[in-house]
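The values are calculated or read from the model by the stated rules, or taken from the named source; none is laboratory data. Keep in mind it's a predicted model, so treat the numbers as computed, not measured. Here the Cβ positions follow ideal geometry from the backbone for every residue, glycine too, while neighbour counts run over all protein chains shown. For accessibility, only protein heavy atoms count, side chains too; no ligands or nucleic acids. Shrake-Rupley method; radii C 1.70, N 1.55, O 1.52, S 1.80 Å.
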Amino acid sequence: MAVPGSFRRQPANRGLVSHCTHHHIVVFLLTFFSYSLLHASRKTFSNVKVSISSQWTPSCLNSTAPELWPYELWNSSHLFPNAEEATLFLGTLDTIFLFSYAVGLFVSGIVGDRLNLRWVLSFGMCSSALVVFSFGTLTEWLHFYNKWFYCCLWVVNGLLQSTGWPCVVAVMGNWFGKAGRGFVFGLWSACASVGNILGAFLASCVLKYGYEYAFLVTASVQFAGGVIVFFGLLTSPKEVGLPELEADEDEVSVEEDANRPLMGNDDVDDDDRNYSIQATDNDNQPKAIGFFQACCLPGVVLYSLAYACLKLVNYSFFFWLPFYLSNNFGWKEAEADQLSIWYDVGGIIGGTIQGLISDVLQKRAPVLAVSLLLAVGSLFGYSQSEYLFCTKAVFMSLSGFFIGGPSNMISSAISADLGRQDLVKGSSEALATVTGIVDGTGSIGAAVGQYLVSLIQENLGWMWVFYFFILMTSSTILFISPLIVREISLLLHERRLRMLAE
C-alpha cells in the first residue's frame, strides 16, 4: 500500500543542501550580524549604567565617583540628587525603550512588507546609530544633560531598532524554505546572544576612557554595518536570477506533495487551499496583506500570546539575573556577569537542536511543549539550587536550553512558517507583518514583566519571582495547546498510515 505524499517523511536537510549557494551564505551572515549589531548597542547601554549614574550624580553623594576637580564643573552636570534616583531613571529608560520597541514592531512589519526590506533595515541601523551617538556621546561632549531629551531619544531609538527583526526574518524566510528551516533559523537566532557578547566586549575595551566612547564605538560599527547592508544585502533569490522560494517548493510538491507548511491545516480541502488572502495583480506582483488579515492567519494570535509570556521570562533573566545573584548571594558583579553567559549558551544550543528535531518531525508545537514542560522543572531546580557557581551554571544552562530555545524558535522559524502559510502562498509580503505582530506582542509582555518582577521581588521575595516565571511558562503551553493537540494527532495519524503501508 502506497503512503500518501503528504505523509511521506521528507529529509529535513534535503532542500537545504541541494539548493544552498554562496548567496545563501552571504544573506545568512549579513542578516545575522546586522541584528547582532543592533543588540550590541542595547547591551552597551546596560554595561555602562554605573558610569552614567556616576556622571549624573554629584560626587559628594556618589560613593562610586572619583574625586574630580574643579568641583563646580563636576556638579554642574548632575541630573539627580543621589545615585538611587539616577538608577531609577535608567530603569525607566529601559521600560520606555521596550514599549516604543513593541509599538514599532507592529509598524515596522507593515512597512517592511510594502517597501524594500534592504532599505528599511539599512535606514533603521544607520538612524539608530545616530540616535545612540547623540544619546551617549554628543550630549557628553557638549555637556548637555536633560531628562526629557534622553527620554525622547530613547523612544526614537526603540522605534528605529524595531525595524531590525521583522526585516531580517523576512529576508531569511525568502531565502530558506521549509526544508531545514528549524535548524537554520535555530542556529541563526543566536544573533541576539552574539550581539550581547559583542556589545559587552566593545564597551569594556574603551570604557576606561569614558562611557561616551563606548557609545561612540558601537554606534560607529552599527552605522558601518547599515551601509554594508544597503549595498550588499539581497532580499530575495530573484535579484540574482535564482528561482523564487515558492516556485522551487512547488516543484517539490508536484513530486511528493511535501510543500505543506508546518503551520498549514491538513484537514482543509484542496479547493480551500487554492484560496489566497491577496488579490493577484496582472504582473504577478502580489500585494502585502493588511494588519488584521495577518492577525486572522491560523496560529498567529495563539503564538503571539504565547510569546508574550515566554519573552517576559526570557527578558527577565536578561535584565535581572546579575542583580539577583549579587543581591541574593552576595556575588561580585563580574561573577554574576560570567554566569549570565551560560543562559545565552543554553539558548543557542537549545534553539538549534530543537529546530532540527522539529524539522525531522515537520511539527513545531510538540517540540515546544516538551521543552517548556522541562523548563518548569529547571526553573524550580534553579530556585532551589545551592549558591555554588557550578550548580548555578548547570541549572542556568538548562533554563536557557528549555526557555531560550523555544523563544528563539517562535521569534524566527515559527514566525517564518506563519508568514508562508497556504493562505498567503505566492507572497512573501506577509513575513515581516506576521513577524512584527509576534515579536511586538512578545515585547509588550516583556515590558510589563520588568515592572511585575520588581514589584513581586520587593513585596514577596525572589522565590515568588520564580513561581511567577513558572506560571508564565505554563501559560505559554496553555496558549498553544490547541496547536499541540492538532499536531500530535497528525503525527499519530501519519504513524498509523506508515504502519498500514508496511
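What about T57, is it farther than 23 Å from C151 by Cβ, of a type outside the set (G, A, S) and at pLDDT 65 or above?
So T57 fails the test.
For segment 388-414: of the residues being more than 18 Å from L356 (Cβ to Cβ) and hydroxyl-bearing (S, T, Y), which is nearest to the chain's Cα centre (by Cα)?
Looking at residues that are more than 18 Å from L356 (Cβ to Cβ) and hydroxyl-bearing (S, T, Y), I get S399.
With (1) closer than 21 Å to F183 by Cα; (2) at pLDDT below 80 as the list, and V434 as the residue in question, which single condition is left unmet?
(2)
Identify all residues within segment 361-392 that are open to solvent by 10 Å² or more (accessible area, probe 1.4 Å), more than 22 Å from W464 (Cβ to Cβ) and at pLDDT below 85; write none if there are none.
Those that are open to solvent by 10 Å² or more (accessible area, probe 1.4 Å), more than 22 Å from W464 (Cβ to Cβ) and at pLDDT below 85: L361, Q362, K363, L388, F389, C390.
Which residue, of L216, L233, L187, is surrounded by fewer than 24 Cβ atoms within 10 Å (Cβ to Cβ), within 21 Å of A416 (Cα to Cα) and over 16 Å from the mean Cα position of the chain (by Cα)?
Of L216, L233, L187, the one residue that is surrounded by fewer than 24 Cβ atoms within 10 Å (Cβ to Cβ), within 21 Å of A416 (Cα to Cα) and over 16 Å from the mean Cα position of the chain (by Cα) is L233.
Assuming L356 fulfils every condition listed in (1) in contact (Cβ under 8 Å) with a residue 60 or more places away in the chain; (2) closer than 20 Å to I477 by Cβ apart from one, which condition is it?
(2)
Cβ-Cβ distance below 8 Å, separation of 6 or more or different chains: which pairs start in segment 197-215 with a residue that is within 20 Å of W56 (Cα to Cα) and end on one that is surrounded by fewer than 16 Cβ atoms within 10 Å (Cβ to Cβ)?
So the pair list comes out as E212/W141.
Is it the case, given these coordinates, that L500 is of a type outside the set (F, W, Y) and either touching a Lys or Arg at 6+ places or on another chain (Cβ under 9 Å) or assigned by the TED database to the domain that holds I410 (or both)?
It is false that L500 is of a type outside the set (F, W, Y) and either touching a Lys or Arg at 6+ places or on another chain (Cβ under 9 Å) or assigned by the TED database to the domain that holds I410 (or both).
Filter segment 470-502 for residues that are assigned to a helix (DSSP H, G or I), open to solvent by 70 Å² or more (accessible area, probe 1.4 Å) and charged (D, E, K, R) and give the result.
Within segment 470-502, R495, R496, R498 qualify.
Of all residues in segment 16-41 being at pLDDT below 85 and closer than 30 Å to S122 by Cα, which is surrounded by the fewest Cβ atoms within 10 Å (Cβ to Cβ)?
Of everything passing the filter in segment 16-41, H22 is surrounded by the fewest Cβ atoms within 10 Å (Cβ to Cβ).
Can you tell me which of V171, V103 is part of a helix (DSSP H, G or I), outside the structural domain of I410 (by the TED database), under 16 Å from the mean Cα position of the chain (by Cα) and surrounded by fewer than 20 Cβ atoms within 10 Å (Cβ to Cβ)? Please lay out each step first, then the result.
Working: V171 fails: surrounded by fewer than 20 Cβ atoms within 10 Å (Cβ to Cβ).
Of the residues listed, the single one that is part of a helix (DSSP H, G or I), outside the structural domain of I410 (by the TED database), under 16 Å from the mean Cα position of the chain (by Cα) and surrounded by fewer than 20 Cβ atoms within 10 Å (Cβ to Cβ) is V103.
Among the residues of segment 190-233, how many are touching a Lys or Arg at 6+ places or on another chain (Cβ under 8 Å) and more than 27 Å from V50 (Cβ to Cβ)?
Number of matching residues: 3.
Condition check ((1) in contact with a Ser or Thr (Cβ under 7 Å, 6 or more places away or on another chain); (2) aliphatic (A, V, I, L, M)) across all residues:
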{"site": "V168", "(1), (2)": "yes, yes"}
{"site": "W175", "(1), (2)": "no, no"}
{"site": "W188", "(1), (2)": "yes, no"}
{"site": "I197", "(1), (2)": "no, yes"}
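Say whether the condition of being modelled with pLDDT under 85 and assigned to a loop (DSSP other than H, G, I, E, B) is met by at least one residue in segment 189-197.
Among the residues of segment 189-197, at least one is modelled with pLDDT under 85 and assigned to a loop (DSSP other than H, G, I, E, B), which makes the answer yes.
Identify, by number, the condition in (1) of a type in the set (G, A, S); (2) open to solvent by 60 Å² or more (accessible area, probe 1.4 Å); (3) at pLDDT 75 or above that G109 doesn't meet.
The one condition G109 does not meet is (2).
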